[in-house]
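Heads up, the thing below is written out as structure tokens.
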Amino acid sequence: MVSIIKNQLLKHLSRFTKNLSADKINLSTFKGEGELTNLELNEIVLTDLLELPSWLRLTKAWCNKVTFRIPWTKLKSVPICLNLDEVNIIVETCHELRSMSTQGGLSSYAAVPGKYSFIHKVIDGITVTVNTVNILFNSPAFTASIQISRILVESKSPKFTKSDLRMTRLKNPEKGQILIFKELEWQTVRIEAKSTKDENLTPLRLLTNQARCRIIIKKRLSDCFILGSRLVIILDDLLWVLTDSQLKAALHFLDSLSGLIQKATEITRKAKAARKLGELPEYQAQLTREARQSDASDKTSSRPFNTYDFIETSYHFISNEIVLHLCDDPGRRSSHPNLKDGGALQISVKRFQIDFYPYHLAKGNRKHWPKYTASAVPHAMWQEQALNTFKSKFLDLVDKNKLQHTPLARAPKTPQEGSTSAAANADAKKSTNINQKK
């Protein structure tokens, strides 16, 4: 029995790891507990799974210890618990943008493809706990270390409270869709960056408090395809103190990455635009079908689903207050007379929120956006002008690049051209007769 389970684990986990073998798996079948040690993760598969941008390359990743607990008799209501002790990741910037994988990210690595079933419910409900994640970031201009502690990923109810596993999903059979609710929490994030070229630049440090990320995933029941997601990052009060030299270092670090990021963004935008245009007919057909099924969706069983349903993928950031302190370095004083003893600047932003809809069409409807009113954002006029300008430039470019082909048939002659050619033929005949008489 133990060997059979070990073989199944090796079968499914071998594509995510490099050195996994049966002797590294300690398993207690009846207790439902197991342990894996010294796992080296496959960086290529992990890069595709995380869908890292093309200017980043994951070079190495490993984990010292993984434990799991499976409640065999309560799989419907109690999640499988996966605990990772320490995860170490090394990433670096690419000199040239790497080619993006054709895989579909998380959907392409689904453990059990096919119709949404019990095994998918078990996998979607897994609770993951990570004690520490250490990320080392290398670039030609600077190196940075990121440490994230006490990470927890678990299923939640639609109101994001702890609940029975069966209450963490909402299904709509009429639409053939299901909503899955997850929450990601972490206790602290520590970031430290230092320059590799200029030793005079002060190291940059940032420490954030507890934060959480609420995620809603929409899947298709027929093939488990991920239709979209809504991600909301909620950050507690953030306080950041920067000196002159630290601010200079931060701008230097951002400038060193701006070229790669801009180039990668242009390529990614083109690829996403092509995919969006390819899916547009299907997207419009889906909206039409859902509109026709609106009467059926008003059933009591579908009301909870419609309450938390969303139309398109979106990302949101919310912070109650962000406080930024800018001050002089010790020993360096401003040349301004009023600031000869030093100066400082404090910037405070309260109830800061960002809403990002990456795949929304420019002329699309925005009524489904939360807290959005067209009257509060008078953008319609300049948006229409920008679209008209783009259309005119596009049509001019198309007309300019049109090839001038030679007509396959001769154009019909006009009466004036016909009389002129007849007179010319007559003159030619006369000159021929005169020459023959001579």
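Overview of results
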item: Total residues in region 202-230, condition β-branched (Val, Ile, Thr) and within 15 Å of the chain's Cα centre (by Cα); result: 4
item: Total residues in region 305-339, condition at pLDDT 90 or above, small (Gly, Ala, Ser) and surrounded by fewer than 15 Cβ atoms within 10 Å (Cβ to Cβ); result: 0
item: Tally of residues being among the charged types (D, E, K, R), surrounded by fewer than 18 Cβ atoms within 10 Å (Cβ to Cβ) and farther than 17 Å from Ile354 by Cβ across region 209-239; result: 2
item: Residue in region 28-84 that is nearest to Leu13 (Cα to Cα), counting only those that are of a type in the set (Lys, Arg) and not in a strand (DSSP E or B); result: Lys31
item: Criterion (out of contact with any Asp or Glu (no Cβ under 6 Å at 6 or more places or on another chain), outside any strand (DSSP E or B) and either on the phi < 0 side of the Ramachandran plot or crowded, with 18+ Cβ neighbours inside 10 Å (or both)) met by exactly one of Leu242, Leu206, Leu201; result: Leu201
item: Per-region count, region 155-174, residues part of a loop (DSSP other than H, G, I, E, B) and touching a Phe, Trp or Tyr at 6+ places or on another chain (Cβ under 8 Å); result: 5
item: Cβ pairs under 6 Å, 6+ apart, first in region 260-283 and under 14 Å from Ser99 (Cα atoms), second at pLDDT 60 or above and surrounded by 12 or more Cβ atoms within 10 Å (Cβ to Cβ); result: Leu260/Trp55; Ala264/Pro53; Ala264/Ser54; Ala264/Trp55; Ala264/Leu97
item: Selected residue (only one of Ile126, Ile180, Ile135, Ile119 is buried (at least 19 other Cβ atoms within 10 Å of the Cβ) and free of Cβ contacts under 8 Å to residues at least 60 places away in the same chain); result: Ile180
item: So Glu40, is it exposed (fewer than 14 other Cβ atoms within 10 Å of the Cβ), closer than 20 Å to Ile89 by Cβ and modelled with pLDDT of 85 or more; result: yes
item: Residue in region 384-393 that is acidic (Asp, Glu), surrounded by 10 or more Cβ atoms within 10 Å (Cβ to Cβ) and at pLDDT 80 or above present; result: no
item: Qualifying residue in region 221-239 (condition: hydroxyl-bearing (Ser, Thr, Tyr) and under 23 Å from Tyr315 (Cα atoms)); result: yes
item: For Trp369: the one exception among (1) in a helix (DSSP H, G or I); (2) of a type outside the set (Asp, Glu); (3) modelled with pLDDT of 80 or more; result: (1)
item: Check on Ser54, hydroxyl-bearing (Ser, Thr, Tyr) and under 29 Å from Lys162 (Cβ atoms); result: no
item: Exclusive hit being touching a Cys at 6+ places or on another chain (Cβ under 7 Å) and touching a residue at least 24 places away in the same chain (Cβ under 8 Å), set Thr208, Thr196, Thr202, Thr243; result: Thr243
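Yes/no matrix, rows are residues, columns are (1) out of contact with any strand residue (DSSP E or B) (no Cβ under 9 Å at 6 or more places or on another chain); (2) surrounded by 14 or more Cβ atoms within 10 Å (Cβ to Cβ):
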{"position": "Lys31", "(1), (2)": "no, no"}
{"position": "Glu51", "(1), (2)": "yes, no"}
{"position": "Leu56", "(1), (2)": "no, yes"}
{"position": "Phe68", "(1), (2)": "no, yes"}
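The values are calculated or read from the model by the stated rules, or taken from the named source; none is laboratory data. All figures in this text were calculated on a predicted structure; none of them were measured in a lab. Ideal geometry is used to build each Cβ from the backbone, glycine not excepted, and the neighbour counts take in all protein chains shown.
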